[in-house]
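See below for the structure under consideration.
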Amino acid sequence: MKKLVALFLVVAVSQSLFGQQMPMFSQYYWNDFMINPAFTGIKNTNRLQAGYRSQWVGFDGAPKTFHIGGHTSIKKLNLGIGGALFSDDKGGAIRQNGFQLNLSYNLKINQNSGINFGVSGIMNQYAYNGSQMVNIEPDAVLQTNVKQMVPDLNFGLVYHLKNKLFVGISSNQLIQSKLNKFNVLSLAGETQLIRHYYLSGSYLLNINEKIEAEPFILARTTFKGLPQFEIGSKFTFNKLLIAGLSYRSNESVILLAGINYKQFMLAYSYDVMVSKLRQYAGGSHELLLAYQFTQKEKQPKIKVEKIKDKDGDGIADSDDLCPELKGVLSAKGCPDKDNDSIADNQDLCPDVAGLKQFNGCPDSDSDGIEDAKDECPNEKGLVSLNGCPDSDGDGVTDKDDDCPNVAGLTALKGCPDTDGDGIKDDEDSCPTEKGSIEMKGCPDVDLDGIADKDDACPTEKGLATFKGCPDSDGDGIADKEDACPQVAGVIENKGCPLKKKRNIDDLMLKKLVCETGKNDITADSKLVLQEIAQVLKEEPTWTIEFAGHTDNVGDAAMNLQLSKKRSETVRNLLISYGIEASRIKASYFGETKPIADNNTAAGRTKNRRIDFKIKMD
């Protein structure tokens, strides 16, 4: 049983020494100088930093690592120097303490790239404290304390480009020191350190003005087991906040958060376990605090050689186009009275500052026309108008344009004439209607001297008194308001003559008689009709109504047609006498309205009649 317990302890000690001989860093990109000395002085420099890592939280005897160190560059010598103190509790009874000193040399390939060589000298102390071991069966050997100091070396190379791309390779524990004093604890053979190899790469990306990203990859191996890889990226926001995410093969996903404050940086990472070990332990915590030193670059001294300067203008004679005349640098050593950088001997306007394109003459309004040829030298204008402006683009310069802000015609001094009547719009009472000068630009269709816009009767020649309307009968009443426009009248009778007191009773007693079976009236009746026509002519407002009748001789339907023809005959005769048709109304009734007995000849004669009625309005 004792041998079994001892074997278990020895295996534990061996696994502690050989399983993780080198400290593990999740934030290795800031501890890169500790695993590859070639990073000393070229990246994350000049700085001091301290870090602490607690691995596999919750697992008894899990490793805990502390370090403090830093590095800087000596640019004059292309060297980098640095170092670190570290303490690595490898778990349980075994601890490693030590220090390392780094030296690197930068071999420049060109201005932007180079290769760094680095070496570390290390002194390690490995200690075993048997009192930390709990044995089921006490064993004096395992209860002892063992310490041994051993030296070691690290070596590395780094290729760098524009301080953005870094590719490194290194080997640690080159000496592979033997821990002879620990052999007493091991039943598995000799205890010896083994070489570790690292390959790393990173590239700094400026995503935009506020965000930087630095993707990276790291591979580590001892060639005695499977290699381990890490891949991820860290980000910086506004040069203030830090974040990152990476993956370590077959072990964990690593989260990073941090902050920059002035010259300080504080970063924290947590390893989320993804291996089978997560059943027995939690993740790993790592904390890093750093202080970044600023380094002022010394300006190189400039050796000033004495120059020959005959005219004492501070310009070497070899560069002075006028070595005998004191001048200015802008004119290559020649005088320039107007300070326009054009030597006076080449300046057509030496007393006024000007432009090279005009041989030293000015263009005050910057319109591309020198002032001497510019008719408007203080106003930016057009070449086509000799340097004068044309705000409305009508081809008339503003100084000659009576309407400079509205495009117009040259003939009207730049003013518009919308209706094309030869009168400026601002002087045209009707700018959108073609008119005459006499009418101030307004039309007068009826040529009565009254503009259409003021003419109540624009298509009839009239009088100003009636707003352009006519008065045909000259009675002082406009035709449109005159009931008798062709006959002079009075206002109280709507432009018609006053009605005459006429007695037509005698006329109304007279009859219009028709021939038997005919639609013609008798000769006496025609005389009566002529008398009626005369009365209607004298009374233009009167109208007349006719009604045709027949006796009962013949068919009733034929008699109705005969009465219609008689009425039309009388109507047509009255129209022929000069009476308007609109004043005549004709109707017919056949034999339906007799006024006498149709059984007598005298009665039938009376019934063959045309009644009439004069209406006096």
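The values are calculated or read from the model by the stated rules, or taken from the named source; none is laboratory data. Keep in mind the model is a prediction, meaning the values are calculated, not measured. Glycine gets a Cβ as well: all are built from the backbone with ideal geometry, and neighbour counts include every protein chain shown. For accessibility, only protein heavy atoms count, side chains too; no ligands or nucleic acids. Shrake-Rupley method; radii C 1.70, N 1.55, O 1.52, S 1.80 Å.
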Out of G82, G58, G51, which single residue is in contact (Cβ under 8 Å) with a residue 24 or more places away in the chain and assigned to a loop (DSSP other than H, G, I, E, B)? G58
Among the numbered conditions (1) under 18 Å from N31 (Cβ atoms); (2) modelled with pLDDT under 95, tell me where G258 comes up short. (2)
Considering only residues of segment 217-261 that are hydroxyl-bearing (S, T, Y) and assigned to a loop (DSSP other than H, G, I, E, B), which is surrounded by the most Cβ atoms within 10 Å (Cβ to Cβ)? T222
What number goes with the only condition from (1) open to solvent by less than 70 Å² (accessible area, probe 1.4 Å); (2) in a loop (DSSP other than H, G, I, E, B); (3) at pLDDT 90 or above; (4) not β-branched (V, I, T) that S200 does not pass? (2)
Give me the pairs, please: first residue somewhere in segment 275-286 and over 14 Å from V253 (Cβ atoms), second residue anywhere and assigned to a strand (DSSP E or B) and open to solvent by 30 Å² or more (accessible area, probe 1.4 Å), beta-carbon distance under 7 Å, and either six or more positions apart or on two chains. H285/Y270
Looking only at segment 509-532, decide whether some residue is under 30 Å from I477 (Cα atoms), touching a residue at least 12 places away in the same chain (Cβ under 8 Å), in contact with a strand residue (DSSP E or B) (Cβ under 8 Å, 6 or more places away or on another chain) and buried (at least 17 other Cβ atoms within 10 Å of the Cβ). yes
What number of residues within segment 541-594 satisfy the criterion of being touching a residue at least 40 places away in the same chain (Cβ under 8 Å) and hydrophobic (A, V, I, L, M, F, W, C)? 13
From the list C376, C442, C430, which residue is open to solvent by less than 30 Å² (accessible area, probe 1.4 Å), part of a loop (DSSP other than H, G, I, E, B) and touching a strand residue (DSSP E or B) at 6+ places or on another chain (Cβ under 8 Å)? C376
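One line per residue, one yes/no per condition, for (1) closer than 30 Å to C349 by Cα; (2) more than 41 Å from the chain's Cα centre (by Cα):
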| position | (1), (2) |
| --- | --- |
| E379 | yes, no |
| P389 | yes, no |
| G395 | no, no |
| L409 | no, no |
| L412 | no, yes |
| D417 | no, no |
| I423 | no, yes |
| C430 | no, yes |
Report, ordered by the first and then the second residue, all pairs with beta carbons closer than 8 Å, sequence separation of six or more or different chains, a first member in segment 433-450 that is of a type in the set (S, T, N, Q), and a second member that is open to solvent by less than 20 Å² (accessible area, probe 1.4 Å). S436/C442
With respect to the numbered conditions (1) outside any helix (DSSP H, G or I); (2) open to solvent by 40 Å² or more (accessible area, probe 1.4 Å); (3) on the phi < 0 side of the Ramachandran plot, which one is the sole condition not fulfilled by K76? (1)
Selection from segment 409-419 of residues that are under 27 Å from D454 (Cβ atoms) and at pLDDT below 90: L412, D417, D419
Among (1) under 30 Å from F33 (Cβ atoms); (2) at pLDDT 90 or above; (3) in a loop (DSSP other than H, G, I, E, B), there is one condition Q295 misses while meeting the rest; what is its number? (2)
Of all the residues that make up segment 23-48, how many are part of a loop (DSSP other than H, G, I, E, B), within 20 Å of G244 (Cα to Cα) and among the hydrophobic types (A, V, I, L, M, F, W, C)? 2
From the set of residues in segment 110-168 that are charged (D, E, K, R) and at pLDDT 85 or above, which is surrounded by the fewest Cβ atoms within 10 Å (Cβ to Cβ)? K162
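Taking segment 313-340 as the search range and keeping residues that are assigned to a loop (DSSP other than H, G, I, E, B) and of a type in the set (D, E), which one is most open to solvent (accessible area, probe 1.4 Å)?
Checked segment 313-340; the qualifying residue most open to solvent (accessible area, probe 1.4 Å) is E324.
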